[in-house]
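Novice: Once you've had a glance at the structure underneath, I'll fire off some questions.
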Amino acid sequence: MTEMIKITLDENEVPRNFYNVLPDLPERLAPPLNPKTREPVTPADLEAIFPKELIRQEMSAERSIPVPQEVRDALIRFGRPTPLIRAKRLEEHLRTPAKIYFKHEGLNPCGSHKPNTAIAQAYYNAKEGIEHLATETGAGQWGTALAYASMLFGLKCTVFMVRNSFEQKPGRKIMIESYGATIHASPSPVTAYGRKIRNEMPDTPGSLGIAISEAIEVAASDKKTNYALGSVLNHVLLHQTVIGQELKLQFAKAEIEPDFLIGCIGGGSNFGGMVFPFVRDKIGGRTRARFIGVEPESCPTVTKGEYRYDSGDTAGMTPLLKMHTLGSGHIPPAIHAGGLRYHGMAPAVSLLMEHGISEAESYGQDEVLEAARLFARTEGIIAAPESSHAIASAIRHANECRKSNEARTIVFNLSGHGLLDLSFYAGG
Ligand SMILES: Cc1ncc(COP(=O)(O)O)c(C=O)c1O
């Protein structure tokens, strides 16, 4: 068979089910705990901020959960299925015998993988009578996606954007407002928690943990307002499995046997969405692929964090999750990859790391920027700073293949474009 440069699928190959990895994990996931009682949370504990269907999905033991028709239609309308592309020019530049492929999640109107779950979350909330969603955003990709999905399903949307990214990426504010949502730099003056942090730390760059606390405060104080999270939770990663399920079909179509599946890890959603559908194969010895999650050296949640129960936010409002964490009070340095500045990691991804089914690597911002620039100069794509961590890892492994003369197949997830992150490319 001639080698394919671009492996595409058609509309009817967009997954009809979300794949739930929980029953296939090597061990039962430790239950989330109520932060006040330290007892396992009950569905009722979560109903103040989440719709019933998402709570059901969060705790589901079913392997397969149908994608509602309206959600599937919206996924197709905004750009699914996404292509798998051979980075041939990058390979040639590196003079590597490795083959490098990337799954391009940055081609939709929002620019990242985040709409895969934003659309589903907005749909279930609207269906249960919710009128308004509140959320946090790091670099702005998630806030953009939720603003877009809220627009699709007729919901109001309020976004708390981490202050340092808000200042670095002014385009995101314009985009989020263009979809009809409201945006505040976090910590903000509009919540009690935001005001408290502003008093205590007037110059703080902010953090995802603080922004989450603000969004939950807004959601918990109004019956028609819910909270939506862009990563970490089981239901979020569940929705992202459309990525890995499509990849499986693409691998079959082009007869690709991956040696590496690589994704950046902030809270773990694009990486989980990519690798979860391969976990059963990995445990059963049917794939040789290494699963590699890539994080910044300056926010080394998995490579340096502890594996223990911790809060998902800074104010301690979320359930306690058993995960890798740097501590919920941790405020990472103001790097450009704002989406990777999170103190915790999705419990299901953390568990795979603990069992050695997945591995983690960390990269410094200079190596990541160099990788991003090389990708732009060879493949012509301005990648998001977050996704550029995955590119840096792909390049490092491709260079190792050159040294050992091994023709490995490296696949990474390009989780988003960086057209609104240009100050990263300017090195500023
Ligand atoms: C483009 C992009 N990639 C990756 C991430 C990290 O999130 P996650 O680990 O949930 O995929 C973000 C988060 O904002 C992002 O915007």
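Novice: How far, in nm, would the chain grow between Asp10 and Arg77 when pulled straight, counting 0.36 nm per residue and subtracting the alpha carbon separation?
Specialist: Working: separation 67, 0.36 × 67 = 24.12 nm, distance 1.24 nm.
My answer for the length gained is 22.9 nm.
Novice: So with the 1.4 Å probe, I'd like the accessible area per residue for the chain, rounded to whole Å². The partial results should precede the final answer.
Specialist: Working: 15860 Å² over 428 residues.
Averaged over the residues of the chain, the accessible area is 37 Å².
Novice: Same structure again: Using each residue's phi in segment 381-388, evaluate 6.51 cos²θ - 1.76 cosθ + 1.60 at θ = phi - 60° and report the 3J(HN,Hα) Karplus result to the nearest Hz, with x for Gly and Pro.
Specialist: Those phi angles translate into 10, 8, 7, 5, x, 4, 4, 5 Hz.
Novice: What is the distance in Å between the Cα centres of segment 178-254 and segment 331-357?
Specialist: Here the answer is 15 Å between Cα centres.
Novice: Can you give the FRET efficiency for Glu177 and Leu29, using 1/(1 + (r/R0)^6), R0 = 30 Å, r = Cβ-Cβ distance, to the nearest 0.05? Mind dumping the intermediate values first?
Specialist: Details: r = 38 Å, r/R0 = 1.26.
According to the calculation, E is roughly 0.20.
Novice: Something else about it: Quick one: which of Lys253/Lys282; Lys103/Lys403; Lys224/Lys322; Lys6/Lys99; Lys114/Lys304 span more than 22 angstrom between C-alpha atoms?
Specialist: Numbers: Lys253/Lys282 20 Å; Lys103/Lys403 26 Å; Lys224/Lys322 30 Å; Lys6/Lys99 13 Å; Lys114/Lys304 26 Å.
As for pairs spanning more than 22 Å Cα to Cα, those are Lys103/Lys403; Lys224/Lys322; Lys114/Lys304.
Novice: Can you work out the Karplus-derived ³J(HN,Hα) for every residue in segment 149-164? Use 6.51 cos²θ - 1.76 cosθ + 1.60 with θ = phi - 60°, whole Hz, and x for glycine or proline.
Specialist: After applying 6.51 cos²θ - 1.76 cosθ + 1.60, I find 5, 5, 4, 4, 9, x, 9, 7, 9, 10, 10, 9, 9, 3, 3, 5 Hz.
Novice: Please identify, among Asp310, Asp259, Asp45, the residue showing maximal mean-square fluctuation in a Gaussian network model of the chain using a 10 angstrom Cα cutoff.
Specialist: Asp45
Novice: At R0 = 35 Å, how high is the FRET efficiency between Arg377 and Met201 if r is their beta carbon distance? Nearest 0.05 is fine. If you can, show how the numbers build up before the last one.
Specialist: On the way: r = 40 Å, r/R0 = 1.14.
According to the calculation, E is roughly 0.30.
Novice: At a Förster radius of 25 Å, what calculated FRET efficiency corresponds to the Cβ-Cβ distance of Arg308 and Thr42, to the nearest 0.05?
Specialist: Working: r = 22 Å, r/R0 = 0.89.
Once rounded, the FRET efficiency stands at 0.65.
Novice: Taking H as built 1.01 Å from N, whose amide H comes closer than 5 Å to the amide H of Glu295, not counting residues under 5 places away?
Specialist: Correct list: Ile265, Glu361, Ser362, Tyr363.
Novice: Right, here's the next one. With a 1.4 Å probe and all protein chains kept in place, how do Thr325, Thr287 rank by accessible area, largest first? Write out the running numbers ahead of the final one.
Specialist: Numbers: Thr325 5, Thr287 30 Å².
These residues rank, largest area first, as Thr287, Thr325.
Novice: Name the residues whose placed amide hydrogens come within less than 5 Å of the amide hydrogen of Ile100, ignoring near sequence neighbours (fewer than 5 apart) on the same chain.
Specialist: Residues meeting the criterion, in which the H sits 1.01 Å from N, are Ala87, Ile410.
Novice: What percentage of the solvent-accessible surface of the chain, computed with a 1.4 Å probe over protein heavy atoms, is contributed by carbon and sulfur atoms?
Specialist: Working: 7970 of 15860 Å².
Accessible surface attributable to carbon and sulfur in the chain totals 50 percent.
Novice: What spacing in nm lies between the two simple spin-label points modelled at Lys52 and Ser64, each 7 Å away from Cα in the Cβ direction?
Specialist: 2.5
Novice: Right, here's the next one. Rounded to the nearest 5, what is the percent of antiparallel bridges among the DSSP beta bridges in the chain? Walk me through the numbers on the way to the answer.
Specialist: Details: 19 of 53 bridges.
If I count the DSSP bridges inside the chain, around 35 percent turn out antiparallel.
Novice: Out of the trypsin sites (Lys or Arg not before Pro) in segment 242-334, which ones are loop residues according to DSSP with at most 11 other C-beta atoms within 10 Å?
Specialist: Working: sites: Lys248, Lys253, Arg280, Lys282, Arg286, Arg288, Arg290, Lys304, Arg308, Lys322; in loops: Arg286, Arg288, Lys304.
Loop-located and lightly packed - Arg286.
Novice: While we're here: Could you give log10 I(q)/I(0) at q = 0.10, 0.11, 0.12 Å⁻¹ for the chain, computed by the Debye formula over C-alpha point scatterers of equal weight, without solvent?
Specialist: -0.61, -0.75, -0.91
Novice: Follow-up. Once fully extended, how much extra length lies between Glu400 and Lys156, figured as 0.36 nm per residue of separation less the alpha-carbon to alpha-carbon distance? Walk me through the numbers before you get to the answer.
Specialist: Details: separation 244, 0.36 × 244 = 87.84 nm, distance 4.91 nm.
The Glu400-Lys156 span can extend by a further 82.9 nm.
Novice: If you average the alpha carbon positions of segment 2-73 and of segment 392-416, how far apart do those two centres end up, in angstrom?
Specialist: The two parts, judged by their Cα centres, are 30 Å apart.
The values are calculated or read from the model by the stated rules, or taken from the named source; none is laboratory data. What you are looking at is a predicted structure, and each value in this text was computed from that prediction instead of being measured. Heads up, the Cβs are rebuilt from the backbone with ideal geometry, glycines too, and the neighbour counts pull from every protein chain shown. With ligands, DNA and RNA removed, areas are computed over all heavy atoms of the protein, side chains included. Shrake-Rupley method; radii C 1.70, N 1.55, O 1.52, S 1.80 Å.
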